[in-house]
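S.K.: Please find one structure pasted underneath; my questions will follow.
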Amino acid sequence: MKTKSLYIAATTIGLSFCMPIVSHAQENDKSNELKIWHTHPASEWENALPVGNGRLGAMVFGGIEKERIQLNEESVWAGRKHDFHNPQSLEGLKEVRQLLFNGEYTDAEKVAQEKILGSKNWNEVHSYQTLGDLQLDFGNYRAKGNYRRELNIENAIAKVVYEANWTTYTREIFSSAPDQVMVIRLTSERKDDISFTTRLTRPGNKALIEVSGNDIVMSEHVGNGIGVKLVSRLKVIPDGGTVISGGDSIGIEKANAVTILLTAATDYRGGDPWKITAQQMDAASLKSYSSLKEAHVADYRSYFDKVKFDIGSTDAVYFPTDSRIDAMKNGYVDPHLIQLYYQFGRYLLISSSRPGCLPANLQGIWADGLTPPWSADYHININIQMNYWLSELTNLSELHMPFLEFINDLREDGRKTAREVYGCKGIVAHYTTDLWHFTEPEGRINYGMWPMGINWSCQHLWEHYLFTEDKAWLDTFAYPIMKEASEFCLDWLVKDPKSGKLVSGPSISPENSFKTKNGKTASMVMGPTMDQMIITELLTNTVDASKIINRDAAFRKKIEKTLANLSPMKIGSDGRLMEWTEEFEEAEPGHRHISQLYGLHPSNQITKQKNPEFLEAARKTIDYRLAHGGGHTGWSRAWIINFFARLQDGEKAYENLLALLRKSTLPNLFDTHPPFQIDGNFGATAGITEMLLQSHAGEIHLLPALPAAWQNGYIHGICARGGFDVDIDWADGKLKSVTILSKLGNNCKVRYGDQVVSLSTEKGKSYTLNSRLNQKL
């Protein structure tokens, strides 16, 4: 058809035009399918398709004659718990602060590097690692064709379909949360036609592989004995045919169909992985494939189906995902790809962060090899926080819990670090941590000397409360963590001799640097803006929490006194928000971190309602950063989408969303830093939600940053603070109607443009308002 020819032209010669966007009400079902699909196997890991159940994940390559399914289990880590705090830190802290107050920045950094920062034992591998590979060898095929590899994010099933030997073969792969098992189903249109050999392997050739009958067991004490002990079991269940086992593999000859089950566990939580995996396998193998699949789909959709999003589609939906991304790079606009990308972010969180699991790391749960980038660890200087920005907004509140539990797990070591490194009460953590929850400062000054990791993370505790208003949880779980983090801040803050105000330090503006007056490059100061914002927010939230649960009145007054004396955020002579206490020349004006805008997002310290002058300063800050090359990494671009959404500039938010898809998106829709880093996926989904609904400023603000390109559409099921589910429909670029479900019975203010109405609600009831915010009766 003509439109498809035009699409191919746009892809191949780079034409920039927009095809008509059609409503899905006028299209057949395929036009709105949420599938990532390709017409060829993955040639490299970053093009494979991810499946996961929160704990057990896989990357599906889809090879025809040789299939590789790369496996992960969330707790497969090399390393151990150990103490690497610097014994000179208490001595060095006072000296470093005095040097910084004197403006001797580079000298202060030398002392801090020597006397405050610790050093890990880098002779040990300390990293998240692959579980291994499940390999399938089908031998040589003839007459191969009609290949399709897909991931259906509406049911979380990957599928590979192709023709060979004059028949059609199908593989389905999913990771089941209800049954805690990976499932692979092999079928053919022809009877007695499934023949292959399968094995489990792991890099390093140190895993023990045991084969017996239909079963393979792989075990290893990873990290050369310094790490967890893992066990993975594979069971082959054929329908007909012959099983031939021996050596390190199992062969199947002439089966009608085959189901392969895989379980995996480690001893990280103290259990016996041999028993755990055996129990899981025994239970799953008693069930039929259809029963396993049905339970998996029902469980997954109980999360996924909460949110529906539609901004139309074009004939681009009939083309492979990699071709659609290429077309976007050449200027084509594909609204359905944005919908797919949005829901893919939710898919990834559902697949990598379930209650009772570890939080999603830098790569979710998907990582290849024994030393993935940045160890695929838990960076707590923005990355893990960005992973969870979408959780409350997109109706996945339960999936926030692994991160909130992880914050709690940092407390034990955090108390030790606060006491031994800084001589402070409370808890502290720095820029990164790992499976064993270390909190000490380590590495180099420009990233390691930043004691705000727990403090920023505490924002997520408060946000979870604002969306759920679970007072019992606030009282027993969240508030004790917030209080300890606040106790650290009260001890940590010192008076700036010049201003008389309380400042944080020594610290940095994460990973950024400035030029000193003598032309040298430095990173560390007293009172960096981001620190001051994070501390202001934490202390304010702790006061509010203590009032809600009616606890610690004396401590609350102490915090309030401190808040009154904190050094505030400042606007520089050029109208930008200052990043440091002085107007230093930036060493990298286009740096990927834009930390001084923390108050704009994810915090609510800068809003149009509260302080429009700081909103304008924030705008100048981001414009300057972008003009100098900012946003060049995927996660940074995702943050920028959120910034412009909060600035209520839909066109700029949309422009940066397109830039993310065109410059920082891999063929399987993974975000790339480069390399792959999952926070950009999560951050972009959060940003799109912020474009359509905001509630951080005390109002349910409808379509605050709707771009002109999204003339017609809807988003249903997203959430606002105060316990509200919101369904928004718009047409011709304007609000058509909104339906608000009150889950808690709170009153609320609803804003659309300059219109604001107050709404009294009852728990469990829905309220529909028209474009003028009049209630429909």
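The values are calculated or read from the model by the stated rules, or taken from the named source; none is laboratory data. All figures in this text were calculated on a predicted structure; none of them were measured in a lab. All Cβ positions, even for glycine, are placed from backbone atoms using ideal geometry, and neighbour counts span all protein chains on display. Side chains included, ligands, DNA and RNA excluded: accessible areas come from the protein's heavy atoms. Shrake-Rupley method; radii C 1.70, N 1.55, O 1.52, S 1.80 Å.
S.K.: With all distinct Cα pairs included, what does the Kirkwood hydrodynamic radius of the stretch 356-438 come out to in Å, to one decimal, could you say?
M.R.: 13.8 Å
S.K.: Residue by residue through the stretch 573-589, which ³J(HN,Hα) values in whole Hz follow from phi under the Karplus form 6.51 cos²θ - 1.76 cosθ + 1.60 (θ = phi - 60°), with glycine and proline marked x?
M.R.: Each residue's phi maps through the Karplus curve to give 5, 8, x, 8, 6, 6, 8, 10, 6, 10, 7, 6, 6, 6, 5, 10, x Hz.
S.K.: Relative contact order for the stretch 442-547: what is it in percent, counting Cα pairs under 8 Å that are at least 6 residues apart? Don't skip to the answer; put the middle values down first.
M.R.: Details: 119 pairs, mean separation 36.1, N = 106.
Across the stretch 442-547, relative contact order equals 34 percent.
S.K.: Same structure again: Once you have all Cα-Cα distances for the stretch 475-603, histogram them in 10 Å bins from zero and send the whole-percent values.
M.R.: Going out from 0 Å in 10 Å bins, the stretch 475-603 shows 12, 39, 31, 14, 4, 0 percent.
S.K.: Here is a follow-up. With every protein chain kept in place and ligands, DNA and RNA left out, what is the accessible area per residue of the chain? Probe 1.4 Å, answer in Å².
M.R.: Values: 27730 Å² over 777 residues.
The answer is 36 Å² per residue.
S.K.: Could you sort 588-600, 151-163 so that the peptide with the highest average Cβ count within 10 Å comes first and the rest follow in order?
M.R.: 588-600, 151-163
S.K.: Can you work out D for the stretch 722-763 in µm² s⁻¹ from Stokes-Einstein, where Rh is the Kirkwood radius over C-alpha pairs, the temperature is 37 °C and the viscosity is 0.692 mPa s?
M.R.: On the way: Rh = 11.2 Å.
Estimated via Stokes-Einstein, D reaches 294 µm²/s.
S.K.: Counting Lys and Arg as +1 and Asp and Glu as -1, each charge on the Cβ, what is the dipole of the stretch 588-696 about the Cα centre in debye, to the nearest 20?
M.R.: Details: 11 positive and 10 negative charges, 10 e Å.
For this selection, approximately 40 debye.
S.K.: Percent of alpha carbon pairs in the stretch 380-485 separated by more than 21 Å?
M.R.: Everything past 21 Å amounts to 33 percent.
S.K.: Given charges of +1 on the Cβ of Lys and Arg and -1 on the Cβ of Asp and Glu, with all other atoms neutral, how large is the dipole of the chain about its Cα centre, in debye to the nearest 20?
M.R.: Result for the chain is approximately 1000 debye, rounded to the nearest 20.
S.K.: In nm², what is the average projected area of the convex hull enclosing the Cα atoms of the stretch 167-270?
M.R.: 7.6 nm²
S.K.: May I pose another question? What value does the stretch 500-553 have for Rg/Rh, both radii from Cα atoms and Rh as Kirkwood defines it? Before the final figure, lay out the partial values.
M.R.: Values: Rg = 16.0 Å, Rh = 13.2 Å.
My calculation puts Rg/Rh at 1.21.
S.K.: In the stretch 73-142, if every C-alpha pair distance is counted and binned at 5 Å from zero, what percent goes to each bin?
M.R.: 3, 13, 14, 11, 10, 9, 9, 8, 6, 4, 3, 3, 3, 3, 1, 0
S.K.: Quick one: Karplus J couplings for the stretch 195-210, per residue in order, coefficients 6.51, -1.76, 1.60, θ = phi - 60°, nearest Hz, x for Gly and Pro?
M.R.: Running phi through 6.51 cos²θ - 1.76 cosθ + 1.60 with θ = phi - 60° gives 9, 6, 10, 10, 7, 10, 9, 8, x, x, 6, 10, 6, 8, 10, 10 Hz.
S.K.: Going by average Cβ density within 10 Å per residue, which order do the peptides 355-365, 211-221 take, highest to lowest? Display every interim value, and only then the final one.
M.R.: On the way: 355-365: 23.3, 211-221: 18.1.
The densest-packed peptide leads the list: 355-365, 211-221.
S.K.: FRET efficiency for Trp436 and Ser290, Cβ-Cβ distance as r, R0 = 51 Å, nearest 0.05?
M.R.: 0.80
S.K.: Okay, moving on. How long are the three semi-axes of the equivalent ellipsoid of the stretch 103-169, in whole Å, if each is the root of 5 times an eigenvalue of the C-alpha gyration tensor, listed from largest down?
M.R.: Whole-Å semi-axes of the equivalent ellipsoid: 56, 17, 12.
S.K.: Further question on the same structure: For the stretch 295-360 and the stretch 538-596, what is the separation of their C-alpha centers, rounded to whole Å?
M.R.: The stretch 295-360 and the stretch 538-596 have Cα centres spaced 36 Å from each other.
S.K.: Quantify how much of the Cα-Cα distance distribution of the stretch 266-334 extends past 19 Å, in percent.
M.R.: 66 percent
S.K.: While we're on this one: Just from the alpha-carbon atoms, what are the Rg and Dmax of the stretch 161-203 in angstroms?
M.R.: 13.3, 37
S.K.: Pairs Lys66/Lys254; Lys498/Lys610; Lys35/Lys765; Lys94/Lys570: which exceed 24 Å Cα-Cα? Working shown, then result.
M.R.: Values: Lys66/Lys254 17 Å; Lys498/Lys610 28 Å; Lys35/Lys765 34 Å; Lys94/Lys570 26 Å.
Violating the 24 Å Cα-Cα cut-off are Lys498/Lys610; Lys35/Lys765; Lys94/Lys570.
S.K.: What list of ³J(HN,Hα) couplings, whole Hz, do you get for the stretch 430-441 from phi and the Karplus terms 6.51, -1.76, 1.60, once you set θ to phi - 60° and write x for glycine and proline?
M.R.: For the stretch 430-441, the Karplus curve yields 10, 7, 8, 7, 8, 4, 9, 6, 5, 10, 5, x Hz.
S.K.: If the only charges are +1 at each Lys and Arg Cβ and -1 at each Asp and Glu Cβ, what is the size of the charge dipole of the stretch 73-218 around the Cα centre, to the nearest 20 debye?
M.R.: Charge dipole, the stretch 73-218, about its Cα centre: 380 debye, nearest 20.
S.K.: What distance in nm separates the two pseudo spin-label positions at Lys558 and Tyr318, each 7 Å out from Cα along the beta-carbon direction?
M.R.: 7.0 nm
S.K.: If contacts are Cα pairs under 8 angstrom and at least 6 residues apart, what is the relative contact order of the stretch 78-179 in percent?
M.R.: 20 percent
S.K.: While we're here: Which one, (1) 127, 81, 61; (2) 132, 81, 74; (3) 83, 63, 53, gives Cα extents along the principal axes in Å as derived from the coordinates shown?
M.R.: Looking at Cα extents along the principal axes in Å for this model, the match is (3).
S.K.: Which whole-number percent gives the relative contact order of the chain, counting Cα pairs below 8 Å spaced six or more residues apart?
M.R.: Averaging sequence separation for qualifying contacts and normalising by length gives 12 percent for the chain.
S.K.: Of the heavy-atom accessible surface of the chain (probe 1.4 angstrom), what whole percent is carbon and sulfur?
M.R.: 48 percent
S.K.: Is the stretch 618-693 best put as rounded, prolate or oblate by its Cα gyration tensor, with a ≥ b ≥ c the root eigenvalues, rounded for a/c under 1.5, and otherwise prolate when a/b is larger than b/c, oblate when not? Spell out each step's value before the answer.
M.R.: Working: a/c = 2.13, a/b = 1.34, b/c = 1.59.
Cα axes put the stretch 618-693 in the oblate bin.
S.K.: With a 10 Å radius around each residue's Cβ, average the other Cβ atoms per peptide and rank 463-476, 330-343, highest first.
M.R.: Result, highest mean Cβ count within 10 Å first: 330-343, 463-476.
S.K.: Can you list the aspartates and glutamates whose alpha carbon is less than 17 Å from that of Lys495, not counting same-chain residues fewer than 8 positions off?
M.R.: Those aspartates and glutamates meeting the cut-off are Glu95, Glu487, Asp531, Glu560, Glu582.
S.K.: Which aspartates and glutamates, on any chain, are close to Lys776 with Cα under 18 Å apart, when same-chain ones fewer than 8 places away are left out?
M.R.: Counting by Cα, and skipping residues close in sequence, Lys776 has these aspartates and glutamates nearby: Asp725, Asp727, Asp729, Glu762.
S.K.: Could you pull out every one of the aspartates and glutamates with an alpha carbon less than 18 Å from that of Lys293, ignoring same-chain neighbours closer than 8 positions?
M.R.: Result set, ordered by chain and number: Glu150, Glu154, Glu172, Asp179, Asp239, Asp282, Asp305.
S.K.: With unit charges on the beta carbon (Lys/Arg positive, Asp/Glu negative), name the residue among Ser397, Leu134, Thr542 whose Cα is farthest towards the positive pole of the charge dipole of the chain.
M.R.: Farthest towards the positive pole: Thr542.
S.K.: Working out 0.36 nm times the residue gap between Asn550 and Ser245, then minus their Cα-Cα distance, what length gain in nm do you get to one decimal?
M.R.: Between Asn550 and Ser245, full extension yields 103.2 nm more.
S.K.: On a 30 Å Cα-Cα criterion, which of the cross-link pairs Lys425/Lys515; Lys308/Lys329; Lys471/Lys736; Lys501/Lys620 come out too long?
M.R.: Working: Lys425/Lys515 34 Å; Lys308/Lys329 26 Å; Lys471/Lys736 35 Å; Lys501/Lys620 26 Å.
The pairs that break the limit, which is 30 Å between Cα atoms, are Lys425/Lys515; Lys471/Lys736.
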